[in-house]
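The values are calculated or read from the model by the stated rules, or taken from the named source; none is laboratory data. No experiment lies behind these values; they were computed from the predicted model shown. Methodologically, a virtual Cβ is constructed for each residue, glycine included, from the backbone with ideal geometry; neighbour enumeration extends over all protein chains shown.
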Amino acid sequence: MSWAHRDFCLNGHSFSSKEELVLYAKKVNDVLYNFLVDWFSADDFVAVQTSGSTGKPKKMLLRKAHMKNSARTTGEFFNILEKTSALCCLPIEFIAGKMMVVRAITLGWHLDVIRSSSSPLFGITKKYNFCAMVPLQLRNSVEQLHLIDQLIVGGAPVSEKLQECLQSLSTRVYATYGMTETITHIAVRPLNHISKNTKKSNYQVLPGISISKDKRSCLVIDAPKILDQRIITNDVVDIISKRQFQWKGRFDLVVNSGGIKLHPEAIERKLAPHIPYRFFVVGIPDKVLGERLVLVIEGKLDCFSLDKFKNFNTLLHPYEIPKEVFFVAQFKETSNGKVLRKETLKQVSNNKSNLDL
């Protein structure tokens, strides 16, 4: 079959034509149906929408040929080729869900598409070779994760606490690095099954991907099989080798406090084991320092032990200690669970529940 791999199956069904597949997809859900109509159209491009985690959501056009190349690269890297059993529990509105379908069609997977939910493995008894989730889904699926051989996690960072829960599992879990523009992941980082002496594994780029960094130390991606031109990101990295890099944080989140440049994500990784709630570190305007570092915690001040703050001077460099702590009832976030810092910070200005350090 020129339109799909001969081994491709969807929800246990095989199809003799793309028209038959599209008609069946209509019974599954309208989003899958609409995507397959676009996928099998004469157009060379597919319109996709970004999640809006680093800016306003926007639509962009991706080449179908590039999406197929991305699928083949993933298949080669994870050794998940024809007859791989896979579960799609991500919304097909966005690129991550779309690419699960494209991989299945291109590589010949046996794909099951289910309704996207925060607990996708609830009630599932079937075992799968491969699956993709966001961290919220992973957190709610740890006890059932033995049903999955290999799992990729993207859309938002995986917390240190959640990563600890993965260490004794047989499932191989990987954090992914990528974006809509790169047609999902171009690099992955193991979250378990790593050496006990390795505190933090590096990201390893997939085949056909070349990396470098610009004058800001931000990652530059060259991937001619999936990109028309190289992408210059806002992610500050250390290049470990031609195939590996370590992510440090977002350039646009760097806080310049009194001339000292601070990386909020690096500070958050130090604090993560000691704060039992969701939180983030951010800079806010300051007349003297230019920006002052503050800590924003999801919760109430009276629910948080003040003893926790006494340890900050042993965990952090003096410059890294937040000057103030704010508490908000609930973080603003994207549909895939990534915290919207700027939107959440707007709640802080009207919130008197704070603590000076």
Check the stretch 236-244 and report whether any residue there is assigned by TED's automatic domain parsing to the domain that holds residue 169 and touching a helix residue (DSSP H, G or I) at 6+ places or on another chain (Cβ under 9 Å). yes
Selection over the stretch 231-252 where residues are buried (at least 19 other Cβ atoms within 10 Å of the Cβ) and among the aliphatic types (A, V, I, L, M) yields a count of 2
If a residue counts only when it is hydrophobic (A, V, I, L, M, F, W, C) and in contact with a strand residue (DSSP E or B) (Cβ under 9 Å, 6 or more places away or on another chain), which strands (runs of 3 or more DSSP E) contained entirely in the stretch 217-284 have at least 3 such residues? 218-222, 231-239
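Return the total of residues in the stretch 285-294 being under 23 Å from residue 327 (Cα atoms) and assigned to a loop (DSSP other than H, G, I, E, B). Spell out the reasoning first.
Kept after step one, since they are under 23 Å from residue 327 (Cα atoms), are these residues of the stretch 285-294: 285-287, 289-294.
Subsequent filtering for residues that are assigned to a loop (DSSP other than H, G, I, E, B) retains 287, 289.
Residues that pass the stated criteria total 2.
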For the stretch 22-45, which positions are more than 15 Å from residue 4 (Cα to Cα) and of a type in the set (S, T, N, Q)? 29, 34
Index of the failed condition, residue 109 passing every other in (1) under 18 Å from residue 154 (Cβ atoms); (2) touching a helix residue (DSSP H, G or I) at 6+ places or on another chain (Cβ under 8 Å); (3) modelled with pLDDT of 95 or more: (1)
What number of residues within the stretch 308-331 satisfy the criterion of being in a helix (DSSP H, G or I) and either farther than 23 Å from residue 258 by Cα or at pLDDT below 80 (or both)? 5
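Consider the stretch 141-187. How many of its residues are of a type in the set (A, V, I, L, M, F, W, C) and touching a Phe, Trp or Tyr at 6+ places or on another chain (Cβ under 6 Å)? Lay out the reasoning, then the answer.
To start, the set of residues in the stretch 141-187 that are of a type in the set (A, V, I, L, M, F, W, C) comprises 142, 145, 147-148, 151-153, 156, 158, 162, 165-166, 169, 173, 175, 179, 183, 186-187.
After this cut, where a residue has to be touching a Phe, Trp or Tyr at 6+ places or on another chain (Cβ under 6 Å) as well, the list is 148, 152, 187.
Residues that pass the stated criteria total 3.
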In the stretch 43-55, residue surrounded by the fewest Cβ atoms within 10 Å (Cβ to Cβ) [restricted to those that are over 15 Å from residue 96 (Cα atoms) and at pLDDT below 95]: 55
Any hit, the stretch 93-101, residues being under 22 Å from residue 177 (Cβ atoms), assigned to a helix (DSSP H, G or I), of a type in the set (Phe, Trp, Tyr) and touching a residue at least 24 places away in the same chain (Cβ under 8 Å): no
Of the residues 83, 58, 18, 68, only one is at pLDDT below 95 and either surrounded by fewer than 20 Cβ atoms within 10 Å (Cβ to Cβ) or of a type in the set (Val, Ile, Thr) (or both); which? 58
So in the stretch 200-210, with the set limited to residues that are in contact (Cβ under 8 Å) with a residue 24 or more places away in the chain and over 21 Å from residue 62 (Cα atoms), which one is surrounded by the most Cβ atoms within 10 Å (Cβ to Cβ)? 203
Looking at (1) in contact with a strand residue (DSSP E or B) (Cβ under 7 Å, 6 or more places away or on another chain); (2) surrounded by 15 or more Cβ atoms within 10 Å (Cβ to Cβ); (3) not acidic (Asp, Glu), which is the one condition that is false for residue 156? (1)
Is it the case that the stretch 27-35 has a residue that's touching a residue at least 24 places away in the same chain (Cβ under 8 Å), under 30 Å from residue 344 (Cβ atoms) and assigned by TED's automatic domain parsing to the domain that holds residue 138? yes
Taking the stretch 253-265 on its own, how many of its residues are surrounded by fewer than 16 Cβ atoms within 10 Å (Cβ to Cβ) and either touching a helix residue (DSSP H, G or I) at 6+ places or on another chain (Cβ under 7 Å) or under 22 Å from residue 158 (Cβ atoms) (or both)? 1
Pick out the one residue from 226, 186 that is outside the structural domain of residue 263 (by TED's automatic domain parsing) and out of contact with any His (no Cβ under 7 Å at 6 or more places or on another chain). 186
Looking at the stretch 124-177, which of its residues are under 16 Å from residue 90 (Cα atoms), of a type in the set (Gly, Ala, Ser) and modelled with pLDDT of 95 or more? 132, 141, 175
I need a count of the residues in the stretch 271-296 that are at pLDDT below 90, under 20 Å from residue 160 (Cα atoms) and hydrophobic (A, V, I, L, M, F, W, C). 3
Please tell me if residue 149 is among the charged types (D, E, K, R), closer than 30 Å to residue 58 by Cα and either in the same structural domain as residue 44 (by TED's automatic domain parsing) or touching a residue at least 60 places away in the same chain (Cβ under 8 Å) (or both). no
